[in-house]
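Only the coordinates and a few stated rules stand behind these numbers; no lab work does. The model shown is predicted, which means the values in this text are computed figures rather than measured ones. Neighbour counts are summed over all protein chains in view; Cβ atoms, including those assigned to glycine, are modelled from backbone coordinates with ideal geometry.
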Amino acid sequence: TEDAHKSSDDDLQQLLQTLPKEEGWSGSSFYLYQGFWCSARRLKPVISFQRHFPAVDSNVIVASLPKCGTTWLKALTFSTLYRNQFARDENPLLNFTPHQLVHQLEYDVYVNNPCPDLETISIYKPRLFATQVPYASLPISIKDSRCKIVYVCRNPMDTFISLWLFIEKLQNESQELVSLDEAFEKFCHGVCAFGPFFDHGLGYWKASQENPKKILFLKYEDLKEDINSQLKHLAMFLGVPFTEDEEKQGVVEEIAKVCSFENLKELDVNKKGLFIPGIPNESFFRKAKVGDCSNYLTPSMVERLEKLIQQKLDNSGLTF
Ligand code: A3P
């Protein structure tokens, strides 16, 4: 297997040489692979996931771009899907991070092993995983099977600021962080992890329009506005609608509360430890406000992004 690893590393190096390259936001390069930007380090697990993920009909996949509400959606989907597998006051989210309970395929699952044993990675059934890979580049097994995908999108302005502040906070002295202006420029040109932002959102948006039983498209802002009705919608989509009894007993509100920013942020498990080396769990919980971008973006940046939104989403039916 050492030889196999070596040859796959050689293949990767060869592939990288053929791909367009851009400087990322914090010193490392991004490569344009199948139309999306990806670091060299992330590309290897992405390819393993694409080649080997054996999706089955019962799987559920949570999909998103970084900073669009991944952590929240993992918590909500986990709590809804498995609510009958633990006692009401013993939600595993109290002791594990959302990222430990719903593994990120191209981060932890496929990082060290091209064919991991999924049985041992996720004990709950039906299996639930997360990805940031764009719709067009998902493994064939996901598209060909009847497994379901829940996607969360967020206003690009708030997403950009959340991402910028996340990277700024994680930066260490050996890394060179680009300025906010430079990062903005890159973001507008589509250069961010798994971007372009608009291609990612539109890929899932169109797929959800074509196949609404397979793909549910959610927006961070809608979740913020009315979490209870969004949760009911999610449960229905997943095929586990809340019963009348559950609704009477306040199960929906209870899930919303456990998964809330205010609750998760204060849990010990989310205040300590690392998601992956270099990324503390607490960095996934910042402010969780809609419109926080206005504290950072200049009016001309807002204007430019507004134009871009108009231009990119034109006639798609998707709005922010
Ligand atoms: P802000 O930086 O605007 O605060 P992701 O989980 O995709 O990395 O996204 C992180 C963003 O979601 C951060 O946004 C974070 O504060 C917010 N967030 C994390 N947990 C949340 C929750 N339970 N409810 C609402 N927002 C949450």
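Can you tell me the order of 271-278, 100-107 when each peptide is scored by its average per-residue count of other Cβ atoms within 10 angstrom, highest first?
On the way: 271-278: 11.6, 100-107: 21.0.
Those peptides, ordered most packed to least, come out 100-107, 271-278.
For the chain, the equivalent ellipsoid derived from the alpha-carbon gyration tensor has semi-axes of 29, 25, 20 Å in decreasing order. log10 I(q)/I(0), Debye, Cα-only the stretch 161-320, no solvent, q = 0.08, 0.19, 0.20 Å⁻¹? Scattering profile of the stretch 161-320, log10 relative to I(0): -0.33, -1.40, -1.42. Volume per residue for the stretch 61-115 equals 98 cubic angstrom (convex hull of Cα atoms). Of all beta bridges that DSSP places with both ends in the chain, some 40 percent have antiparallel geometry. Using only the C-alpha atoms, the convex hull of the stretch 71-212 corresponds to 157 Å³ per residue. The residues Y204, Y296, Y135, when put in order of fewest to most other Cβ atoms within 10 Å, stand as Y296, Y135, Y204.
Structure remark: mean-square fluctuation, Gaussian network model of the chain, C-alpha springs under 10 Å; the largest value among L12, L216, L43 belongs to L12. GNM on the chain, alpha-carbon springs under 10 angstrom: the most fluctuating residue among V269, V133, V46 is V269.
Please find the FRET efficiency linking S141 to S8, where r is the Cβ-Cβ separation and R0 is fixed at 22 Å, and quote it to the nearest 0.05. Please list the in-between numbers first.
Details: r = 20 Å, r/R0 = 0.90.
With a Förster radius of 22 Å, E is 0.65.
Of K169/K257; K44/K206; K74/K169; K21/K125, which pairs sit farther than 30 Å apart, going by alpha carbon to alpha carbon? Write out the running numbers ahead of the final one.
Working: K169/K257 28 Å; K44/K206 27 Å; K74/K169 23 Å; K21/K125 40 Å.
Distance filter (> 30 Å) returns K21/K125.
Among L81, L267, L218, the largest mean-square fluctuation in a Gaussian network model of the chain, built with springs joining Cα atoms closer than 10 Å, belongs to L267.
Hey, what number do you get for the chain at 222 nm if only DSSP H runs of n ≥ 4 count, each worth -39500 (n - 2.57), divided across all residues, to the nearest 500? All intermediate terms of the calculation are to be shown ahead of the outcome.
Values: 16 runs with 148 residues, N = 320.
One gets -13000 deg cm²/dmol as the mean residue ellipticity at 222 nm.
Counted as membrane-span-like here are DSSP H helices of the chain whose alpha-carbon atoms extend 18 Å or more along the helix's own axis and whose Kyte-Doolittle mean is -0.5 or above; these are 156-170, 299-313.
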